[in-house]
Amino acid sequence: MMESLASQICSHISSIFSKPTHPHPPPLDLLTTELTTVSSQNGRVFLYGVGREGLMLKALCMRLAHLGLSSHFVFDMTTPPITTNDLLIVSAGPGGFSTVDAISSVARSHGARVLLITAQPETGSCVKHASAICYVPAQTMADDGGAVESRPLLPMGSVYEGALFVLFEMVVYKLGEVLGESPEAVRSRHTNLE
């Protein structure tokens, strides 16, 4: 039973990455390029999302730090001010959240680039703040169909959130390669206060 459920979940999430994203660039390429650019300019990366999307971005924030980038999750007490060489990565799967809108607007007003990750690239309140749009064509809570007769294996925004986790692992792998970061260097940046 467990193996079957795991296989179904992994297959469903994996299928997201075979869907077309045109006219938007492939998510892996876009994120890798944006992060490589900010790294080459000695900029910082700021990340923000709400709910489970936010948890996925916190995981990416940690791995970016392991790769040697200056990365910060918005609202952490040690988050510095954002400036023109910086990149804000936000997620709004269903297209918009009031806090994501507000933070994106502030980042743009300070000259930072805003990369919006979303399943709704044409609509939603956050699109207007984006310098770049990373389209992840997955189901979110906004389009899960609401109450259904049978219980779905991946309810609400689980497909989108799972896709973010997988996408971010691919980005970390690819970015490590591009930046020339060895596994030893990455591991050396892991906390020892555990």
Hey, L153 touching a Ser or Thr at 6+ places or on another chain (Cβ under 7 Å) and among the hydrophobic types (A, V, I, L, M, F, W, C) or not: no
Whichever residue in the range 157-194 is open to solvent by 80 Å² or more (accessible area, probe 1.4 Å) and not in a helix (DSSP H, G or I) and, among such residues, is modelled with the lowest pLDDT: E194
Contacts under 6 angstrom Cβ, first residue in the range 180-194 being in contact (Cβ under 8 Å) with a residue 60 or more places away in the chain and among the acidic types (D, E), partner surrounded by 10 or more Cβ atoms within 10 Å (Cβ to Cβ) and in a loop (DSSP other than H, G, I, E, B), 6 or more apart: E181/L67
Residue within the range 19-29 that is open to solvent by 20 Å² or more (accessible area, probe 1.4 Å), closer than 15 Å to L115 by Cα and within 12 Å of the chain's Cα centre (by Cα) present: yes
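A quick yes/no check of all residues on (1) out of contact with any Gly (no Cβ under 6 Å at 6 or more places or on another chain); (2) open to solvent by less than 30 Å² (accessible area, probe 1.4 Å):
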position	(1), (2)
Q41	yes, no
H66	yes, yes
N85	no, no
V90	yes, yes
S104	yes, yes
R113	yes, no
Y135	yes, no
The one condition in (1) in contact with a helix residue (DSSP H, G or I) (Cβ under 8 Å, 6 or more places away or on another chain); (2) open to solvent by less than 50 Å² (accessible area, probe 1.4 Å); (3) within 24 Å of T33 (Cβ to Cβ) that L154 fails to fulfil: (3)
Hits in the range 50-64 (condition: over 16 Å from A112 (Cβ atoms), touching a strand residue (DSSP E or B) at 6+ places or on another chain (Cβ under 9 Å) and open to solvent by 10 Å² or more (accessible area, probe 1.4 Å)): V50, E53, M56, K58, M62, R63
Conditions (1) in a helix (DSSP H, G or I); (2) open to solvent by less than 10 Å² (accessible area, probe 1.4 Å); number of the one not met by I117: (1)
Residue among F75, F46 that alone is surrounded by 15 or more Cβ atoms within 10 Å (Cβ to Cβ), outside any helix (DSSP H, G or I) and of a type in the set (F, W, Y): F46
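The values are calculated or read from the model by the stated rules, or taken from the named source; none is laboratory data. The model shown is predicted, which means the values in this text are computed figures rather than measured ones. FYI the Cβ positions are ideal-geometry reconstructions off the backbone, even for glycines, and counts take in every protein chain you see. To get the accessible areas, we keep the full protein, side chains included, count just its heavy atoms, and leave off ligands, DNA and RNA. Shrake-Rupley method; radii C 1.70, N 1.55, O 1.52, S 1.80 Å.
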